[in-house]
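The structure under discussion appears below in the form of structure tokens.
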């Protein structure tokens with residue numbers, strides 16, 4: 001078992017599995033990899049075939065759960081695994097780590113080895129503005145009880161992670177650590193059902209309202225107080 005677990009909620013994109021595993025091989029990554037698949041996924045059979053084919057790869061695991069959307073799935077996986085890993089990370093199924101002189105997962109461990117904190121790289125889309133893929137020390141998850149505010153469904157979590165890290169004074173952006181976001185917004189993916197659902201006007205409105213409520217009505221400050229206490233306790 002590695003000390004870094006990368007959690008990837010995925011739906012409707014089984015082709016992403018071998019591509020991501022290949023990215024691990026291409027970058028020399030040793031981090032454990034957890035694919036979280038919905039039990040009602042229309043592509044469930046393809047995911048299960050990948051799980052069977054990769055059964056001998058000690059880095060890779062699959063779980064098949066009732067659908068909870070992205071944040072619910074991520075939180076379930078993070079909470080279940082926080083006690084077993086020093087570091088936890090999230091990648092979308094449309095993220096791909098790219099080769100560099102030093103493996104990206106080694107950079108993450110190096111940046112987070114000094115105590116509670118958050119690190120993210122360059123997704124070639126949002127850059128420093130949003131942590132569309134993120135890693136953090138697992139004590140953040142155990143302190144808050146989640147990896148992302150549970151009022152959110154899919155959007156705005158990347159803003160929250162940046163704000164947590166800045167508020168803690170423990171965030172690192174690595175411009176040369178590329179974890180590419182293959183998204184329709186930059187012409188690197190086709191607009192499929194998954195993108196249509198999570199970027200629908202209804203979802204944008206709902207998650208935006210939930211984010212503003214969390215940010216402005218005490219939720220963010222309560223979490224930040226806990227995180228600042230965590231930093232002080234571990235100095």
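The values are calculated or read from the model by the stated rules, or taken from the named source; none is laboratory data. Fair warning: this is a prediction, and the values are worked out from it, not measured in the lab. Here Cβ is always computed from backbone atoms with ideal geometry, including for glycine, and neighbour counts include all displayed protein chains.
Would you mention how many residues in the range 77-105 are in contact (Cβ under 8 Å) with a residue 40 or more places away in the chain and out of contact with any strand residue (DSSP E or B) (no Cβ under 8 Å at 6 or more places or on another chain)?
4
Checking residue 40 against (1) under 24 Å from residue 154 (Cβ atoms); (2) in contact with a helix residue (DSSP H, G or I) (Cβ under 9 Å, 6 or more places away or on another chain); (3) outside any helix (DSSP H, G or I): exactly one of these is not met. Which one?
Going through the list (1) under 24 Å from residue 154 (Cβ atoms); (2) in contact with a helix residue (DSSP H, G or I) (Cβ under 9 Å, 6 or more places away or on another chain); (3) outside any helix (DSSP H, G or I), residue 40 breaks only (2).
For the range 142-165, how many residues meet the condition of being at negative phi and part of a loop (DSSP other than H, G, I, E, B)?
The total comes to 10.
Which members of the range 4-23 meet the condition of being in contact (Cβ under 8 Å) with a residue 60 or more places away in the chain and exposed (fewer than 15 other Cβ atoms within 10 Å of the Cβ)?
19
Would you check which residues across the range 52-75 are assigned to a helix (DSSP H, G or I) and touching a residue at least 12 places away in the same chain (Cβ under 8 Å) and list them?
Residues satisfying the conditions are 69, 70, 71, 72, 73, 74, 75.
Counting only residues that are more than 11 Å from residue 4 (Cβ to Cβ) and not in a helix (DSSP H, G or I), how many does the range 120-140 have?
The number of residues fulfilling the criteria is 12.
Here is a yes/no grid of residues against (1) surrounded by 18 or more Cβ atoms within 10 Å (Cβ to Cβ); (2) modelled with pLDDT under 95; (3) over 16 Å from residue 70 (Cβ atoms):
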| site | (1), (2), (3) |
| --- | --- |
| 152 | yes, no, no |
| 160 | yes, no, no |
| 204 | no, yes, no |
| 223 | yes, no, yes |
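When you look at residue 137, is it under 21 Å from residue 27 (Cα atoms) and either touching a strand residue (DSSP E or B) at 6+ places or on another chain (Cβ under 8 Å) or surrounded by 17 or more Cβ atoms within 10 Å (Cβ to Cβ) (or both), yes or no?
Spelling it out, it is not the case that residue 137 is under 21 Å from residue 27 (Cα atoms) and either touching a strand residue (DSSP E or B) at 6+ places or on another chain (Cβ under 8 Å) or surrounded by 17 or more Cβ atoms within 10 Å (Cβ to Cβ) (or both).
Do we find that residue 74 is under 22 Å from residue 220 (Cα atoms), crowded, with 17+ Cβ neighbours inside 10 Å and out of contact with any strand residue (DSSP E or B) (no Cβ under 9 Å at 6 or more places or on another chain) in this structure?
In short, no.
Checking residue 50 against (1) in contact with a helix residue (DSSP H, G or I) (Cβ under 7 Å, 6 or more places away or on another chain); (2) surrounded by 17 or more Cβ atoms within 10 Å (Cβ to Cβ); (3) closer than 17 Å to residue 135 by Cβ, which test does it fail?
So the condition that residue 50 fails would be (3).
For residue 26, state whether it is in contact (Cβ under 8 Å) with a residue 60 or more places away in the chain and loosely packed, with under 15 Cβ neighbours inside 10 Å.
For residue 26, the condition - in contact (Cβ under 8 Å) with a residue 60 or more places away in the chain and loosely packed, with under 15 Cβ neighbours inside 10 Å - is met.
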